[in-house]
Each structure stands twice: as C-alpha cells, then as structure tokens.
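The values are calculated or read from the model by the stated rules, or taken from the named source; none is laboratory data. Since the model is a prediction, treat every value here as computed from it, not as a measurement. In this analysis, Cβ positions are derived from the backbone assuming ideal geometry, glycine residues included, and neighbour counts consider all displayed protein chains. The area values use the complete protein model at the heavy-atom level, side chains included, leaving out ligands, DNA and RNA. Shrake-Rupley method; radii C 1.70, N 1.55, O 1.52, S 1.80 Å.
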Amino acid sequence: MLLISCKLTGKKENLQTKSKIANPIIEGYFADPCIVKEGDTFFIYATIDPWGGDELAVFSTKDFVKFERHHLNWPIKKACTSPGSNGSMVWAPSVKKAANGKYYMYVSVGSEIWAGVSDAPLGPWKNAKEDSSPLISSKDYPAVHNIDADCFIDEDGQAYLYWGSGFNWINGVCMATKLNSDMISFDGEPKAVTPKDYFEAPYMIKRFGKYYLMYSSGKAIDATYKVGYAVGNSPLGPFETAANSPILETSADSTTYGPGHHSVFNEKGQNYILYHRIFPQKEEYVLRQICIDSLNFDANHNILKIKPTGISSF
C-alpha cells in the first residue's frame, strides 16, 4: 500500500487533519480527475503528468487523507493505438457505473476516445469493442479534437456521451450523443452542443430538474484555464451559458492557478468538485495537482463561485 500525503512545493507536507482536507489532496502531479464510489471506497482516475503516461494513475481512498495507488491492466498505450492515432499518451478518463451494473471507461489515447468495460473499479478492464478499435477515431469528426469524453447517466438509467476540444487552443467543440444500452453504440447521430465560451473537458450534472453542462475554457497551460457552465432543459441542449460563469478561476494570489478539467460527486447531500490546478514551473510543459472543493448553489439554482479552500473532513 502506498500512503500518500499532500505535496505543494516539492517537499512533503502533512496538511490533512481530522477537520480539514487541504489542497492538493494527492502527492505528485496528476490531472483530469474523475471519481466513482463503490461501497465505502472512492476511486479516483487521473492523467499522469506531464501530458499523460503509458497508463492512468488510479487511487483509492475512504477518507481523502490516505490514498492507495493502483495499476490497471487497461488502458495502456500499447493496447490503445490505432492506424490513425498519434503519439499522445493515456489521459482524461471518465468512469461510470451503468444501469447493467458494469463499469465503463471513456478515455483519451492517441487523441482518440477508447471505451473499456469492467465488473469492478479496478478491473480487470478490457476494450468494450470486440474488434479492439477506438470508440471515436481521430478521423470521425475532423473539425473536433476528439478527446475529453464524459459519460453522464440520467436518473432513468439512460446514458449520454460528451466529448471534444479544439486545436491550437481555439475553436473548441462539444459533441453529444445518446448511448444505446451497450454503452458503446450511438442512438442517433452525434451533434455539436457547444456553449459560446466552451473549449474542452465537458462534464454533465443534473440538479433541480435542469442539466448543467460544465466545461473548461481558456488555455490548459496558463492562468486563463477555468471552469464554466451552461444550463439546459435536456441532456442534449440547447444550453445557455450561465450569467455567473465561470465559477472557478485562477485566484488573486495565484495559489490556485489555471484550475480546470473537473468532475463532480455528491457525498452525504453535499456536492464536491474534483479538479486539477497548475503547479507553475519553468519547463515547456505543465505539471498539475489534484484538488477538491465544495460545490454549492444559490436560491435561484445558480452554481456559486468557488473560493478554493479545501473541504471539511467527511
């Protein structure tokens, strides 16, 4: 077991206490976190920095203080390389438990989206497609950078898939489609549902009977990266950008720098946002750290601005 404490500036600092969970929550450099809970255990899947590795980083925790790291058999770069893929590594996972009781992963490898299936959060995993091909190849939607998939499962068990970014930090496109019960085929032709200030990393939640399409905008390499949201009456939109969007940005003191590519979960009636922030350094690449904060709504069901402080212990 690997027990991990908090890391801020290159040296280990034990900032977690019984009453407070401070940021970053995991030692080391990881990004694009998603989370599922099985029993009393949370499983966090994330990109290994810089810019992905041969596998994902996977952690389990019961309290967000002690973390155990795991290694999955899939996805790995060798098993997820197609004739049309590029040299990009394994990054940006989305894991959800479907209505059939199985876990499905939608992950970016080689700038394509691959789908995996497992009976348990830690696997064994395998490609959900019998021919072991990508779910969405780089050639399928050439105007879209086909990465950053998110699976949303509605209250009735119906699943939807969202994905898409842009090239050269401009013209991000958000694609969306309804999934069939096999979780890998599309019920209808995918369509663009892009909010006006969207760039990448879509994440859908449903609250108060409304659909909140959350996303990242700006550049993932600098202080302009941030989290915003748009609201619609249907999982497939149309979506209107909220008046108070964005809701998570670089802080005035730059302690939180370039926050984005998040996921959301609810524990004991409280919503939480799990995201990464940039650890500034002088190399040509960025290093990022996993953080957590509370996510709250006002009386009009707008998401409140987030002031990164960490959270109280569960």
Rounded accessible area per residue of the chain, 1.4 Å, Å²
42 Å²
Just tell me which aspartates and glutamates come within less than 16 Å, Cα to Cα, of residue 78; anything on the same chain fewer than 8 places away is out.
54, 55, 112, 131
Calculate one ³J(HN,Hα) per residue across region 45-57 by plugging θ = phi - 60° into the Karplus curve 6.51 cos²θ - 1.76 cosθ + 1.60, and present them in order as whole Hz with x for glycine and proline.
10, 8, 6, 8, 8, x, 6, x, x, 6, 8, 8, 8
Expressed in nanometres to one decimal, the distance between label points 7 Å along Cα→Cβ at residue 180 and residue 307 is 5.1 nm
Which of the listed residues, 230, 287, 258, is farthest toward the dipole's positive end in region 171-292, when Lys, Arg count +1 and Asp, Glu count -1 at the beta-carbon?
230
Would you mind checking which residues have amide H under 5 Å from residue 135's amide H? H placed 1.01 Å from N; only 5 or more apart, or other chain.
113, 114, 115
Starting from the Cα of residue 307, draw a straight line to each of the aspartates and glutamates and keep only those under 13 Å, dropping any in the same chain fewer than 8 residues away.
249, 253, 293
Would you mind getting me the FRET efficiency between residue 154 and residue 219? Use the beta-carbon distance for r and R0 = 25 Å, nearest 0.05.
0.20
Could you tell me the largest-minus-smallest coordinate of the C-alpha atoms of region 137-263 on each of the three principal axes, in descending order and whole angstroms?
47, 37, 21
Using 7 Å Cα-to-Cβ label points, what is the residue 167/residue 187 separation (nm, one decimal)?
3.3 nm
Contour minus Cα-Cα span, residue 40 to residue 131, at 0.36 nm per residue, comes to 29.2 nm
Explain nothing, just compute: Karplus ³J(HN,Hα) = 6.51 cos²θ - 1.76 cosθ + 1.60, θ = phi - 60°, for every residue of region 136-149 in order, whole Hz, x for Gly and Pro.
10, 8, 5, 8, 5, 9, x, 7, 10, 7, 7, 9, 6, 7
Roughly how big is region 42-312's charge dipole about its Cα centre, with Cβ charges of +1 (Lys, Arg) and -1 (Asp, Glu), in debye to the nearest 20?
320 debye
Please enumerate, by chain and number, the lysines with C-alpha under 23 Å from the C-alpha of residue 305, excluding those fewer than 8 residues away in the same chain.
20, 196, 206, 210, 219, 226, 268
For region 42-312, take the alpha-carbon Rg, divide it by the Kirkwood Rh, and send me Rg/Rh.
0.93
For region 194-211, Karplus-derived ³J(HN,Hα) couplings (6.51, -1.76, 1.60; θ = phi - 60°; whole Hz; x for glycine and proline) come out as 5, x, 5, 10, 6, 10, 6, 6, x, 8, 9, 10, 10, 9, 6, x, 10, 10
